[in-house]
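To keep things clear, I will list the structure first and then write my remarks on it.
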C-alpha cells in the first residue's frame, strides 16, 4: 500500500470512526457465521476489517487491504 492510501485510511479512522459513540453506525457487519463479529469500512478501493470492543471503547483493526484481495 502506498503512503498516500495509508494516510487516507488513517485520516478516515481518526476523523470519522474514532469520534463516534457507536462506530457501527457507519460500518457494515460482515456476513457469515464466523465473520459476524467483524465490521468493515470502505475507503476508496480499500476495506478496513475491524472488531469493535464495546466494554473498552476500542475499535481493533484486524486487516486492511484492497477489496479485490482482502476476502480471498
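Here are a few candidate values for volume of the Cα convex hull per residue in Å³: [x] 90; [y] 81; [z] 114. Which one was actually calculated from the structure I just gave you?
So the structure-derived entry is [x].
Defining a contact as two alpha carbons under 8 Å apart and six or more residues distant in sequence, what relative contact order in percent does region 3-66 show? List each step's numbers first, then the result.
Working: 73 pairs, mean separation 12.9, N = 64.
Once normalised by length, the contact order is 20 percent.
At 7 Å along Cα-to-Cβ for each site, give me the label-to-label distance between residue 20 and residue 5 in nm.
Roughly 2.2 nm, to one decimal.
Working out 0.36 nm times the residue gap between residue 69 and residue 28, then minus their Cα-Cα distance, what length gain in nm do you get to one decimal? Intermediate values should be presented prior to the final figure.
Working: separation 41, 0.36 × 41 = 14.76 nm, distance 1.83 nm.
12.9 nm is the gain from fully extending residue 69 to residue 28.
Only the coordinates and a few stated rules stand behind these numbers; no lab work does. The shown structure was predicted, so the numbers you read here are calculated from the model rather than taken from an experiment. We place every Cβ from the backbone using ideal geometry, glycine too, and count neighbours over all the protein chains shown.
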